[in-house]
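Could you have a look at this structure, given as structure tokens, before my questions?
The values are calculated or read from the model by the stated rules, or taken from the named source; none is laboratory data. Worth saying up front: this structure is predicted, and the values here are computed from it rather than measured. FYI the Cβ positions are ideal-geometry reconstructions off the backbone, even for glycines, and counts take in every protein chain you see. In case anyone asks, the SASA skips ligands and DNA or RNA and just uses the protein heavy atoms, side chains included. Shrake-Rupley method; radii C 1.70, N 1.55, O 1.52, S 1.80 Å.
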Amino acid sequence: MTTDSSTDSFEEFKNSFSYGSRTDLSFKFLKGLSSEEAGEFLGRVLQEVGELFDGTSTDRLIDLVYEWQVKGYQPKAAAKRPYVYEDRPFTPLAKPLSETSIGLVTSSGHFVTGDDQSGLDQDDMTQDWAIARMNDFLRAVPVLSEIPKDLPAAELRVRHPGYDIRSVSHDPEVALPRLPLEQAQEDGRIGRLSPTLYSFVGACSQGRLKNELDDWIHRWKNQGIEALFLVPV
Amino acid sequence: MSVGHIARKAETEGLPTVTVIVRSFRHVAEEMGLPRTVVTRHPMGRPLGPPGDHETHKRVVGAALTLLETATEGGIVIELEEPYRPR
């Protein structure tokens, strides 16, 4: 982004981390804080950084950012909450977990190299472009990417306009836990991990997503999947 | 909330689910009435744990499988206390 931010107010400054001139998806939560809260957060961050000069562990800094991130995402009293339900749908396992076929589904935005389906009309979309087109993603039909569970990590890609992908870029297991589920299969803890894993971009039209679910669940059942392990990001 | 829609629909269609979600979005799981939720005290975008920390990933998956196996009603949320500690 090249907009002139040299005269930003503090309010504009803290909001600019959320799809603005200083976009950083790990810190977009600043927009959810009041200016007073954001000021307190930044002051405490600087205090902890100052402590690091004298050899203090980074643990306190990590905990501080985590705590304020949680605070930043809490719903505001006046915010519209469109998906609040009173019922609690529940299906018990039909047979022991050790005999159950598990499907892994994540909203991480992973896909196989050469099978890039953003759902938007743009080839070779980068992470930066995805962030710039966040509003287009939020109107789009989500595309369910199929990922063979034995796919080499080098053939796995990730792109998502809604969260910081640095960790999942280093290690897909952060949101696509193939290894522990395969280990659970080897140990006899689960019946099996389904041979195909699934990922989509969770930042999508919620109405259009719901329209896709009959088809998605039909596909999963046809794969012999008997329970879902879900990982939102 | 995308995954919340999946969980609710899957359960009504006879597919049991378990969801691993970071603490920032615990309220979403509770508002949407997800059947079985494991909450991790990790930063957004790191639900299973730090990159390369496969022991933590294994513990989180183990907790989720236990919840999948033992829950007897919907709306169960358990929160793991382990803080986020990258290696």
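Leaving out ligands, DNA and RNA but keeping every protein chain, what accessible area does A:Val49 have, in Å² rounded to the nearest 10, with a 1.4 Å probe?
Looks like 50 Å² after rounding.
Compute the helix-to-body angle for B:2-12: its Cα long axis versus the longest principal axis of chain B, expressed 0 to 90° and rounded to tens.
Helix B:2-12 sits at roughly 40 degrees to that axis.
On a C-alpha basis, how far is the centre of the stretch A:194-233 from the centre of the stretch B:35-62 in Å? Whole number, if you could?
20
A follow-up question, please. Summarise the long-distance tail of P(r) for the stretch B:2-81 by giving the % of C-alpha pairs beyond 22 Å.
On the way: 607 of 3160 pairs.
Taking all Cα-Cα pairs of the stretch B:2-81, the fraction more than 22 Å apart is 19 percent.
Please give the helix A:59-73 orientation as an angle from the longest Cα principal axis of chain A, in degrees from 0 to 90, rounded to the nearest 10.
Between helix and principal axis, roughly 80 degrees.
Pick out, in residue order, every one of the GluC sites (Glu not before Pro) in the stretch A:44-100 that is DSSP loop and has at most 16 other C-beta atoms within 10 Å; say none if there are none.
A:Glu86
Within 9 Å, Cβ to Cβ, of A:Glu226, how many net charges do the neighbouring residues add up to if Lys/Arg are +1 and Asp/Glu are -1?
Residues near A:Glu226 contribute +1 overall.
Then there's this: Between A:Asp124 and A:Ser35, what FRET efficiency comes out of the Förster formula 1/(1 + (r/R0)^6) with R0 = 45 Å and r the beta carbon distance, rounded to 0.05?
The formula returns an efficiency of 0.70 here.
Moving to a separate point now. Straight-line reach from A:Lys28: which lysines fall under 25 Å, measuring Cα to Cα and dropping same-chain residues less than 8 apart?
A:Lys28 reaches A:Lys14, A:Lys71, A:Lys76, A:Lys80.
Can you work out the base-10 log of I(q)/I(0) for the protein assembly as shown at q = 0.12, 0.15 1/Å, using the Debye formula on its C-alpha atoms alone?
-0.83, -1.29
Amide H to amide H, which residues 5 or more places from A:Thr100 or on other chains are under 5 Å from it, using H placed in the peptide plane?
So A:Thr100 has HN proximity to A:Gly191, A:Arg192.
Something else now. So, in nm, how far is label A:Arg44 from label A:Leu138 when the simple model puts each one 7 Å beyond its Cα toward the Cβ?
Label-label distance for A:Arg44 and A:Leu138, simple model: 2.8 nm.
Which angle between 0 and 90 degrees, to the nearest 10, do you get for helix A:206-222 versus the longest principal axis of chain A when only C-alpha atoms count?
Its long axis makes an angle of about 30 degrees.
If each Cα of the stretch A:30-153 is one equal point scatterer, what is log10 of I(q)/I(0) from the Debye formula at q = 0.09, 0.20 Å⁻¹?
Summing over Cα pairs of the stretch A:30-153 leads to -0.55, -1.11.
What residues have an amide H closer than 5 Å to that of B:Val22, excluding those fewer than 5 places away on the same chain, when H is modeled at 1.01 Å from N in the peptide plane?
Amide H to amide H, under 5 Å and 5 or more residues apart or across chains, B:Val22 pairs with B:Thr40.
May I ask you to list the lysines whose Cα is less than 25 Å away from that of A:Lys95, ignoring any residue fewer than eight positions away on the same chain?
A:Lys149, A:Lys221, B:Lys9, B:Lys58
I've got another one for you. As an exercise, use a Förster radius of 45 Å and the Cβ-Cβ distance of A:Val112 and A:Ala79 to find the FRET efficiency, rounded to the nearest 0.05.
0.75
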